[in-house]
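Remarks on the structure that follows.
Every number in this text was worked out from the coordinates using simple rules, so none of it is lab data. Fair warning: this is a prediction, and the values are worked out from it, not measured in the lab. Glycine gets a Cβ as well: all are built from the backbone with ideal geometry, and neighbour counts include every protein chain shown.
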Amino acid sequence: MILELLNQFMPAEVAFYVELVIIAVVYLGVFALLGLFLVWMERRVAGFFQLRLGPNRRGPSGLFQTVADALKLVSKELTATEGRDKFLHGIAPYFVIVAALMALSLIPFSAELQAFDINLGVFFVTAVTSIEVVGIFLAGWASNNKYSLIGGMRSGIQMISYELSIGMTIVTMTVLAGTIQLSEIVEMQRGGWFIWTGHIPAFIGFMVFMIAGTAESNRTPFDLVEAESELGAGFHSEYSGMGFAYFFLAEFVNMFIISAMAVTLFFGGWLLPFEIGADIPFVGAIIFVVKTLSVVFLMMWFRWTFPRLRIDQLLTLEWKYLIPISMVNIVVMAILVWLGLTF
Amino acid sequence: MSYFKDIFNAVKTLLTGMKITGRYFFVNLFTRRDVITVQYPDNIDTLKMHDRFRGEVIMGHDENNMHQCDACTICENACPNGTIEIIWDKEKNPETGKTQKVLLNHIYHLEMCTMCGECIEACPSDAIEWGQNFHHVTRDRSNLTKSLNRPESILNPNFVKSKK
Ligand code: SF4
Ligand code: SF4
């Protein structure tokens, strides 16, 4: 769409690159706004869960509080430990942020609003989100701080384990969908959301996905990577100013991405049930964002309810419970699809 | 079999927890009924601290500017931090003709007080008590040294000291 517009007054190759730049800038903006909004939402929601009010002074309902916080972080001096690995320490936040941005570009906000619709969609998202662990691990390693290192190690253990059950859940859903292109997965749900058409295995898959997704985005009850109580702030304890802000925003955007994947895979993406309001351009995007924020809210609900797991409990949960369950789940789903028992 | 029982129990207890916090969330989102925090600088006129709040040590005076402190210095000795200094003098009581101690100045160093309450516990005359003021910020630490008895105040002659 933009490409056609640009083609009118510049040569084709230039227009192509200009389009790339425009989309990149737009997504960077979306990334920053999304991060700030989610941080505000988290604090506000946490307030209500804890019988407080949360930020409510700057702007309507405290909406600009996080903007002010971000400005404060930008103005902070960048400090660093002696004897750190300068190059790796500097580059680590960008791994995390680029991974999150790349995954964000694949999210199908609506039929028209998707920057990058490749036929390997689901696979690409899982691949890209696992780059993030490299960034976190580098941050932990390069900081020259034992707590950061432990945090980084834990993140390695946690993300690699939980990626398995996320992957298997995604396989379960692709068995039902028969495609791994994100926009087509949504189109497949025109007759009914997968959580409905896939009934029992889809529901179990959703539960596994939410547990593993919470662990993937390093949120409480799985925030062993940061572990304020014993590791300071884990992998990012040696980052200040913008370095810290990158990690912080990326964590929240990752939560959004996980929720967006859940919406795409289970809750029909930009579609409403019974095709109400289908195919009106921007309604789809609004529906998608509202659905995603509801799933984000569910993750916040987890965070403010459940106590944190120990590292051995974390691994027990993954290897003894989630992986066997999701393996059986794939088989059940395959049998259901084979026998035509889905709705 | 206990494997499945574990899963079932885990899901059940997690849902129980989520039910409780969910109730908190939605009740507060829509009604703000249970919110326990107060909007501090806005409610400064109506703000009332709870009864047990320890803001500072004060000395109660009645409407005739009379207090109940007979300068026994028990509080001064009770204080673990040396916060209190009693300045007193001996005076002849015009009615009874007896010499007795008179309080000149009950000096209280707020900056050294830990709000432990030993002085208030120890006072046999219940002359000092907890005040609720907490606006203690000042630019000069000498402002924190206070005289608890008001100027010109005298010992309440009708006051009968309780035997502690
Ligand atoms: S409250 Fe404790 S520290 Fe303060 S004046 Fe009384 S005895 Fe001393
Ligand atoms: S305040 Fe109480 S304890 Fe202290 S000198 Fe006066 S009467 Fe004695």
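Numbers for the structure displayed
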item	result
Evaluated at q = 0.10, 0.22 Å⁻¹: base-10 log I(q)/I(0), Debye formula over Cα of the stretch A:125-256	-0.39, -1.23
Longest site-free stretch - chain B; sites: GluC sites (Glu not before Pro), DSSP loop, at most 16 other Cβ within 10 Å	B:1-62
Positive-pole candidate from A:124, A:41, B:39, dipole of the protein assembly as shown, charges at beta carbon	B:39
Residue among A:197, A:79, A:129 with the largest mean-square fluctuation in a Gaussian network model of chain A, springs linking Cα atoms under 10 Å	A:79
Among B:49, B:18, B:115: highest mean-square fluctuation, GNM of chain B, C-alpha pairs under 10 Å	B:18
√(5λ) per eigenvalue of the Cα gyration tensor, the stretch A:1-75, largest first, Å	40, 12, 9
Charge sum, other residues only, whose C-beta stays under 9 Å from residue A:221's C-beta, Lys/Arg counted +1 and Asp/Glu -1	+2
For the stretch B:1-129, average projected area of the Cα convex hull in nm²	15.7
GNM top mover of B:114, B:13, B:138 - chain B, alpha-carbon springs below 10 Å	B:13
Euclidean distance of C-alpha centroids, the stretch B:30-76 and the stretch A:112-146, integer Å	56
Above-threshold pairs, the threshold being 27 Å between Cα atoms, out of A:146/A:320; A:76/A:146; B:48/B:146; A:86/A:146; A:291/B:12	A:146/A:320
Three semi-axes of the equivalent ellipsoid, the protein assembly as shown, Cα gyration tensor, whole Å, largest first	63, 27, 23
Rounded to the nearest 20 debye, dipole of the stretch A:240-333 from Cβ charges on Lys, Arg, Asp, Glu	320
Value of [θ]222 nm, deg cm²/dmol, for chain B, DSSP H segments ≥ 4, -39500 (n - 2.57) each, nearest 500	-7500 deg cm²/dmol
Isotropic mean projected area of the C-alpha convex hull, the stretch B:23-66 (nm²)	5.4
Kyte-Doolittle mean at least 1.0, axial Cα span of 18 Å or more - DSSP H helices of chain A	A:12-49, A:86-106, A:199-216, A:241-266, A:281-303, A:323-339
Tilt relative to chain B, helix B:2-30 - C-alpha long axis, 0 to 90 degrees, to 10	50
16 Å Cα-Cα reach of residue B:90 towards aspartates and glutamates, excluding residues that sit fewer than 8 places from it in its own chain	B:70
Mean Cβ count within 10 Å, highest first, over the residues of peptides A:20-32, A:156-168	A:156-168, A:20-32
Spin-label model distance (nm) - residue A:334 vs residue B:11, 7 Å beyond Cα toward Cβ	2.3
If the convex hull is drawn through the Cα atoms of the stretch A:80-339, its volume per residue in Å³	114
